[in-house]
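To keep things clear, I will list the structure first and then write my remarks on it.
The values are calculated or read from the model by the stated rules, or taken from the named source; none is laboratory data. As the structure is a computational prediction, the values presented were derived from the model and not from experiment. Here the Cβ positions follow ideal geometry from the backbone for every residue, glycine too, while neighbour counts run over all protein chains shown. With ligands, DNA and RNA removed, areas are computed over all heavy atoms of the protein, side chains included. Shrake-Rupley method; radii C 1.70, N 1.55, O 1.52, S 1.80 Å.
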Amino acid sequence: MKQTKNILIVGVGGQGVLLASELLSAVAVEAGLDAKKSEVHGMAQRGGVVSSHVRIGEKVYSPLIPKGEADVILAFEEAEALRWSFFLKPKGTMVVNQYKLVPPIASMKGFDYPQDPVKSIQTKIDRTVLVDAEQIARELGNIRLVNTILLGVVSRFLDIDEAVWKKVIRERVPKGTETLNIEAFSRGRRIS
Amino acid sequence: MTKKKNGTGNKTGAAMKTILSGNEAVARGCYEYGIHVATAYPGTPSTEILENAARYPEIYCEWSPNEKVAFEVAMGATFEGARTLVAMKHVGLNVAADPFMSMSLIGAPGGFIVVSADDPGMHSSQNEQDNRYYAKFAGYPCLEPSDSQEAKDFVGVGLDISVDYDVPVLLRMTTRVCHSKTAVKLGKRRETQVKGFQRDPQKFVVLPSHGRIRHPWAVERLRKLAALSENTPMNRVEKGSSQIGIITHGVTYQYVKEVMPDASIFKLGMSYPLPVGKIKAFADSVDRLFVVEELEPFIEEQIKAAGIACEGKIFWSNLGELNPERVEQGLVEAGVLRQEAKKQTAPSEKVIPRPPIFCPGCPHRGLYYALRKLKARVTTDIGCYTLGVLPPLESGDTCVEMGASIGVAVGMAKARGNGKGIVATIGDSTFLHSGMTGLLNAVNDKAGITVVIADNRITAMTGGQHHPGTGESLMGPGGFKADLAKICQALGAVRIKVVDPYRLQETLDTLKQEMENDELSVIITNRPCALFPPENRKRVRMKPFQVDLEKCIGCHTCLRVSCPAISESHETTEKGLTKSHIDPVLCTGCSVCAQVCPVQAIIPTE
Ligand SMILES: Cc1ncc(C[n+]2csc(CCOP(=O)(O)OP(=O)(O)O)c2C)c(N)n1
């Protein structure tokens, strides 16, 4: 991987954004690359917006991705995909989990959840990959697999050996769920 | 948190590489460089330092009740000759400022690191003060790591400086360094002996007559530290183009490297005292000199005072956090970089905000709903309950710093002539931090205010840390469990009531009664935090509630208790009003919404 790859992972507090970026950086380090990851904790636990910057390359300086420089955005939620779309490179890829989380504030005057976030994203961004990770997770019989499925999708856009991914996943997921997680990863990796 | 056998990464530590946050790296530094005692009071972005240090059985760790006490305990340990670290968020150092300043004339015989985690951009703080000024104020060295490797290394270097020069060392971190994860090489622990206290009253007892002898000693110490600053590898030049020279520090160094890799860069790892001679030589070697620093012109002012020309704050303002774009923009404005052709990126969108709100089952919800109903004048304090200020609860009129609520309420009552309707709300951790003296004063002042202690039995806002009222400590179970009612009684409060904030009517009636009389009263709410209940730290879960769609009239009263579990459903009433929906996974069954529903449409699930 000659050039630094920038991956922005976004979603809502509690969705597992930080776990996903943790695993992604572990994969990079396992592959012998330099990696930096940055996020701000604090209010995240209380239903706030969460974003995590991951940068992977031979040598990485800034832990923050400059605006308009993300190669891939992985959005766990549709409105969040829209919120962060300006971070994407002109030819970058937006991976959107087809899932809506409407905040309570939407019931107050003047605050509306976007009409059709996916449609707005598709009109703005050429390369959009839609994933119904909940549906796949349900098919596999465990809703907790959403995270691994989405990482599987992202893995296709990074030049890191599949075996490295699988090794790290095996090491990091709860005991007994290794096989299921590997299957979830492979399902995600096949989506284009 | 209970003590675990293994710490961050691998304990036996062959030269293994792993990725750690800045905070985890400081904790690892505590382990490797032989720290014996580490103390703190939680505060974002510093909290994970002690949480991780506590995983090493070699280190005595404690959550002290506030930063001043944390500092004093650590100070005592280093007087005894132990290697010591105390950590706090930037505003915590204001609380600990008294011992911080006075220690200057004493020194730090065992080695002493003070971590100040500053928060440029105010991600989770009330201000963005730049604590490097504290180092200058007290005459201590200031070390500024730019990534996790340096965060760990600087603990070791800092301890050596501290011992060699008999001086406390300020390790100044920022949110971006604390919470970014970068690669770190792990090493083994270097064990050191606790030397024992050497009696020396002239040094350890700060009398005016002693101080007059010690002050010249401290001035001389600073002169020696300035000489060290000229030679330390922490302050290094990375030679590049001779046209542009950039002096920078902390994480800003990374942004500069990213944006202008060809410039000559002076990286300051030790930003106080400055290596003025080395900077002068650097300035002479380049055509144009910039100082790119986050927040205040701490470096720039000193360089200019030394008669060296440089440019800084006119291009990078002292507001907020820097990032690669801001560094680049400043260099464009300075005429050094050319504006890149506008990239074809998607325009930024205004998308519905997600302000933080009380969790489902949060005990603060009932309290602030009641306070709003009663139109109380609320001086509030710092913690999760501060969120009661936000719409739709909108209860809370002032909030300044930890412990202020009671003093401010007393002042209002004195200015107004009585305390009726004035309510000070304060969390349990905040009450033990700095509310007790305020209450004692309120009693002494015969102020007729109402003090509400929102006792959820944990320090929730910062992620659920124990305090002397929870019965557990950083070293594990068996901690003290202070009885708040007894404390209030001992401080002289007579009218003390305990209410269950899940029972709205009881909470309302009690508050109303106490607000109407002109006597000092204390009300303690007694429901534990739903997210971090101290007993088992598993989320509170009772039988969830549901909306009876037949009965719901779409009045949205339940939405005004501001619960993440309640939303509008797709069902509408005949008048076209949307009915409510309760998410059964999020609902904890606290029943507050059921109690406000005017038509009893919210009922328990079967
Ligand atoms: C001087 C200072 N130290 C630490 C903090 C960080 N901090 C913010 S809220 C809080 C604790 C709140 O605990 P508590 O009063 O029990 O309220 P809760 O969040 O549990 O409702 C802390 C430690 C701060 N803001 N100021």
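Inside region B:34-77, can you point out the residues that are open to solvent by less than 10 Å² (accessible area, probe 1.4 Å) and either in the same structural domain as B:G464 (by TED's automatic domain parsing) or of a type in the set (G, A, S) (or both)? Within region B:34-77, B:G34, B:A38, B:A40, B:G43, B:S46, B:A53, B:A54, B:S64, B:A70, B:A74 qualify.
Yes or no: region B:565-586 includes at least one residue that is closer than 18 Å to B:R527 by Cβ, open to solvent by less than 60 Å² (accessible area, probe 1.4 Å) and not aliphatic (A, V, I, L, M). Scanning region B:565-586, I find no residue that is closer than 18 Å to B:R527 by Cβ, open to solvent by less than 60 Å² (accessible area, probe 1.4 Å) and not aliphatic (A, V, I, L, M), so the answer is no.
Of the residues that make up region B:117-126, is at least one open to solvent by 10 Å² or more (accessible area, probe 1.4 Å), in contact with a helix residue (DSSP H, G or I) (Cβ under 7 Å, 6 or more places away or on another chain), charged (D, E, K, R) and outside any helix (DSSP H, G or I)? No, region B:117-126 contains no residue that is open to solvent by 10 Å² or more (accessible area, probe 1.4 Å), in contact with a helix residue (DSSP H, G or I) (Cβ under 7 Å, 6 or more places away or on another chain), charged (D, E, K, R) and outside any helix (DSSP H, G or I).
State whether one or more residues within region B:212-219 are under 30 Å from A:L8 (Cα atoms) and small (G, A, S). No, region B:212-219 contains no residue that is under 30 Å from A:L8 (Cα atoms) and small (G, A, S). The sole residue among B:L491, B:L504 that is out of contact with any Phe, Trp or Tyr (no Cβ under 6 Å at 6 or more places or on another chain), open to solvent by 30 Å² or more (accessible area, probe 1.4 Å) and either more than 16 Å from the ligand (Cβ to nearest atom) or more than 14 Å from chain A (Cβ to nearest Cβ) (or both) is B:L491. The criterion of at least 3 residues that are farther than 24 Å from B:A108 by Cα is met by the following helices (runs of 4 or more DSSP H) wholly inside region B:183-300: B:252-259, B:276-285.
If you filter region B:318-354 down to residues that are within 18 Å of B:G121 (Cβ to Cβ) and open to solvent by 50 Å² or more (accessible area, probe 1.4 Å), you find that the one that is farthest from the other protein chains (Cβ to nearest Cβ) is B:N318.
Condition check ((1) touching a Lys or Arg at 6+ places or on another chain (Cβ under 9 Å); (2) not assigned by TED's automatic domain parsing to the domain that holds B:G421) across all residues:
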position: B:V494; (1), (2): no, no
position: B:E506; (1), (2): no, no
position: B:T510; (1), (2): yes, no
position: B:E516; (1), (2): yes, no
position: B:E535; (1), (2): yes, yes
position: B:K538; (1), (2): no, yes
position: B:H556; (1), (2): no, yes
position: B:L559; (1), (2): no, yes
position: B:I566; (1), (2): no, yes
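Counting the residues of region B:366-405 that are within 12 Å of chain A (Cβ to nearest Cβ), in contact with a Pro (Cβ under 8 Å, 6 or more places away or on another chain) and assigned to a helix (DSSP H, G or I) gives 1. Of the helices (runs of 4 or more DSSP H) contained entirely in region B:21-86, those carrying at least 3 residues that are within 16 Å of the ligand (Cβ to nearest atom) and touching a strand residue (DSSP E or B) at 6+ places or on another chain (Cβ under 7 Å) fall at B:48-53, B:67-79. The criterion of at least 3 residues that are facing chain B (nearest Cβ under 7 Å) and either open to solvent by 20 Å² or more (accessible area, probe 1.4 Å) or closer than 30 Å to B:L387 by Cα (or both) is met, among strands (runs of 3 or more DSSP E) falling completely within region A:1-96, by A:34-39.
Whenever a residue of region B:82-95 is of a type outside the set (D, E, K, R), its partners that are open to solvent by 10 Å² or more (accessible area, probe 1.4 Å) and assigned to a strand (DSSP E or B), lying with C-beta atoms within less than 6 angstrom and at least six residues away or across chains, give the pairs B:A82/B:V37; B:T84/B:V37.
Would you point out which residue out of B:V400, B:V452, B:V443, B:V408 is buried (at least 24 other Cβ atoms within 10 Å of the Cβ) and either more than 13 Å from the ligand (Cβ to nearest atom) or modelled with pLDDT of 95 or more (or both)?
Exactly one of B:V400, B:V452, B:V443, B:V408 is buried (at least 24 other Cβ atoms within 10 Å of the Cβ) and either more than 13 Å from the ligand (Cβ to nearest atom) or modelled with pLDDT of 95 or more (or both), namely B:V452.
Report, ordered by the first and then the second residue, all pairs with beta carbons closer than 7 Å, sequence separation of six or more or different chains, a first member in region B:454-471 that is over 22 Å from B:V499 (Cβ atoms), and a second member that is modelled with pLDDT of 95 or more and in a strand (DSSP E or B). Every condition considered, the pairs that remain are B:Q465/B:W63; B:Q465/B:T459; B:H466/B:W63. Scanning region B:461-483 turns up no residue that is open to solvent by 50 Å² or more (accessible area, probe 1.4 Å), of a type in the set (K, R) and away from the ligand (no atom under 16 Å from the Cβ).
Of the residues screened, B:F266 is not one that is surrounded by fewer than 17 Cβ atoms within 10 Å (Cβ to Cβ) and under 32 Å from the mean Cα position of the chain (by Cα).
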